[in-house]
Structure formats: C-alpha cells, structure tokens
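Everything on this sheet refers to the single structure shown next.
Just so it is clear, none of the values below were taken in a lab; they were calculated from the coordinates. What you see is a predicted model; the values in this text were computed from it and never measured. Glycine gets a Cβ as well: all are built from the backbone with ideal geometry, and neighbour counts include every protein chain shown.
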Amino acid sequence: MVADLIRLKWQLLRNSVKRSPWQIVGLVIGLLYGLFIVGTAVAGLIALRAWSDVEALRTGYVLAGALLVLGWVLLPLLAFGNDPTLDPARFATFAIPTRPFVIGMTLAALVGIPGVASALVMAATVVTWSRSVPAAAVGLIAAPIALFTMVVAGRLASTALARVMQSRRGRDLTVFVTLILAIGFGPIISVLTSGSFALGLARLRTVADVVAWTPLGWAFAAPADAAGGALGIALVRLVLAVAFLAGLLVLWGRALRAATENPFATVTERTTVRGDGLGWFGRLPATPTGAIAARMLTYWRRDPRFVSGALLTPFIPLFLLIPYFTTGRRDPTMLLAMAPFGCFLLGWSEHNNVAYDSTAFWSEVAAGVSGVADRLGRLVPSLVLFVPMAVGYSLLSASMTGRWALLPGLIGLSFGIGGAGYGMSMVMSAVKPYPVPSPGDSPFATPTGAVGITFAVQSIGSAIMLALASPLIVLAVLSLMGQDWAIWALLGLGLVLGPVYFLVGLRIGAARFDSRAPELLATLNVAR
C-alpha cells in the first residue's frame, strides 16, 4: 500500500504536466528556480564544514531549521496551497489501514519539488556536521528526523485547518491568527537585529538557545551540540526529537482517520436571512454587470478562497509601519510607499479572477455575457476599496512624515499604479488563467504541478505593471529628490495614465474575452 501511494503520486505528477504546454513551462521554471535555491544552500552547507566557529554555526543552523519547519507548516497554507492528490478525503472509499496510510502519505509528500529540495538540503547538513565521528553519527540520524518532522507537521496542520475552515467563524479566526503572525514577525526580527553587530549576534544566540529546547529545534541542535563536545545533551535532544515526530505521526493518523471516515462532515452554522434573501443580487442593478458584481461581492463575503484576501489586503500597507518604528533609523520613504503599495496589490490581485469560477463559468458562456460586463463586474469589490485606500493612505503618509507637499504626487502615483494593475489584470485573466482551488475544495489546495505556472504568470503580471508605471516611478524619485515640478507632473500624469491604462485594458481584455470565452471554459475544465 505504501508503494502504491508513492506510485500514484508520481503518476499524477507526470500526468499533470501533459495537460498543456503551459504546465510544462511552469514546471521547468519551478525546477530552475528550485535548483538555484537548493544548489546555493547545499554548496553553502558543504562549505560550512570548514568553518571553525561552531557556536555561530550552531546559532544559524538552529534558527534556520526552525524557520524551515515553520515554512513547511505555513507557506503551503498562505501561498501556494497543498497538493490535492494527497487530500485524505479522496481515499474515503478505500479501506486502508491507518499505519500504512500514514507512512505512504508521508513518503508521497516528498515526491515533488519542495520535498526533494528539503531532502537534498538535509542530506547536505550531514556533511556540515561531519567534523567528528560523534557529530557525524548524530547528524546522520537527526537529518531524516528533521525532514520527516517538517513534512508531517505541514500535512497535519493542513488537514486540521481544512476542517476548521469549513465554518465562517473558523475562517475568520484563521485570518486573524495569520494577521497577528504577519504583524509580529517584523518587529521580532527588527528588535533582534537592531543595534551593533555584536549585540545582534548575542541576541540571536540567546534565541537559538531557547529554540534548541523546543520541538522546532531539537533535531537541529543535536548535531551542533555533538560537534561542540556536548554529546550527552545531543542524545537527549535526539530522543526528544524522535518522541516529537512519533507524537506528530499519531496525531496525523487520527486526523487522517477522521477525514476518511467522514469526509463530508460540515459545521452547522446559524444563518440569519434579511430582506428578500437575495443579498447583493437584490441590491445591485439587474444588468449583466450588476449580476457579476453581486456574485463577486458574495464571493468576498462567503467563499473561503476570497475571505482572507478581502480581510488582509486593506491592512497589508500598515505592515510598512513595522520597520519604521522598530529600527533606530526611521526612513520616511517606507511610509510614503503605503498608498502606492496598497493600490499595486489591489490591481495585481485581480489578474486570475476568472479561474475562481471553475466550471460554473459555463453560465456566462451560455448566457453570452459581454466582455465589458464581465471585466467591469469582476472588479467592483476591489474598486470599492481602491479610492479610500489611495486617498486614505496618502493622507496618512503625509501626516506621519510631515511632507504634505508630496501629497499630490502620492495620489497621482497611487491612481497610476492602480490603473496599470487593473488594466493588466483585465487582459491577463482573459489570456491565461492558472489553476486555483475549486469551489468546495480546501482553500489550501492547488492542483499538482501548478506552482511553476503560478510563479511564471504572477511574475509576468508584476513585470508588466512595473513597466507601465515606470514613467510614474521616475517622477516619484525626482519628487523625493526635491524637484517640486515633478510632484505636480506626477499628479497630472497619474490621473491621466491610470484611467487610460484601465480603459485600454478593459478594451483589450473584453475583446479577448469575447473571442475566446469557450476556450477559457475549456482551460478551466482542464485545470480542475
């Protein structure tokens, strides 16, 4: 059974790249990017074997290892999502014993770019700690323990949270915790690294000592302790790491059993119906644009795939306050970027909105909805936030920095970048939608092999936005350098280019939508 699960994962991974040439392109891009990162990390770890300062190496290794474990837990949930081929609910009709199911799912999770990359990095750590026979022996045992701890912790977190996210209260709580973690990470790093180099290093060593006695650091601190001569402490930490991994396997076994025994379990919530029960459909005009806008507003309120973005995006620019208040040197340039950065996110985030309709997109194709109605209707929720964010964050930046003279330029830059983002998104979403979680699936899932194409399309969209906004960026730099004429030129050019980019993107995107709506539906069917 274990071998069958591994073969199944490998076959599904191979089949995923046969769906379209874009899948192959995305996979190649992901492989090249992963090879560069992994190659650099492996070469660095091998080179560190000759580094004489074992204490400093221990500090960096323990902290990096703890972050790697957290990355396996958090990044799949917040960024790319989990592989749905490993969704336990898909195996509900098979009577698989728990033990081989857990082992097979764990090993199958290593089949893919993240798993192979982590395995290569952990293998290189064995070379790093081969300074003595005891250190090499402990490192050889600790490396696979650390690797499987990452994998099992990540899979356990996603399995548990997938069920929590079935309720609206669970989704809201998850977003709130994510927001707290995102806000708290910046100040912690800034406080630890502020001051002199010696003081920052001392703080990091203190943190590493604490982390070394936590589950995040047991497997990473053990070989470092053995290399430093503390073999007894290394063995204690190694035993603790094994016990922690065993506990994770037990918990994941229970989560897998619950997911397969009752895969369609839902959380009952009390719903209050107000008015005529039509929601946004009864409040907006009875036109194609109004209907699509009502559907998107309903998504933003009820669909877990949209809830996190709707709650977080308006507050993300506030994260720029963190380095401003937590570092010794307060650079006002960071505060002045809040409004343009927020408008960049609003425009850029709409570049794949068609993909979230999945096969339900057929209703638009069958109804013959025009490209203009579709393009405009999908942007209504984002456009509602755009003007308050552009003006509000510009006023906040000017008031906090005291540079009121830059306010016109900030507004012009924000409108220009936002218009460029919306124009790009209206074209990109009609040209190349890439796979996203299907309605009803776990919001943390993403189709196999989609990481590469996701990265490629997002990078292309960002590059297009920056190219369109380059004249505005040049004027913004001149404004910061004290050129007063550039401030008003930035206001005028931004208020002109923003709408122009929007209208041009609307025209091109609508034309592409009208000419290839059936092809878009076929693409969404293939991407399921």
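Working ranking of peptides 219-226, 129-136 by packing, defined as the average number of other Cβ atoms within 10 Å per residue, highest first, is 219-226, 129-136. Pairwise Cα distances in segment 286-440 exceed 23 Å in 43 percent of cases.
Sorted largest first, the spans of the alpha carbon positions of segment 331-384 along the three principal axes are 54, 19, 13 Å. Computed over neighbours whose Cβ is under 12 Å from that of residue 431, the net charge equals +2, Lys and Arg +1, Asp and Glu -1. Peptides 351-357, 487-493, ordered by how many other C-beta atoms sit within 10 Å of their residues on average, highest first, read 351-357, 487-493. For segment 369-437, the list of chymotrypsin sites (Phe, Trp or Tyr not before Pro) that fall in a loop by DSSP and count at most 11 other C-beta atoms within 10 angstrom is empty. Close amide-amide hydrogen proximity is noted between residue 213 and no other residue 5 or more places distant or on a separate chain, at a cut-off under 5 Å (H modeled in the peptide plane; Pro and chain starts excluded). Annotation: Cα Rg of segment 212-251 relative to the compact-globule expectation 2.2 N^0.38 Å equals 1.14. A cut-off under 14 angstrom between Cβ atoms defines the neighbours of residue 288, and their net charge, with Lys, Arg +1 and Asp, Glu -1, is 0.
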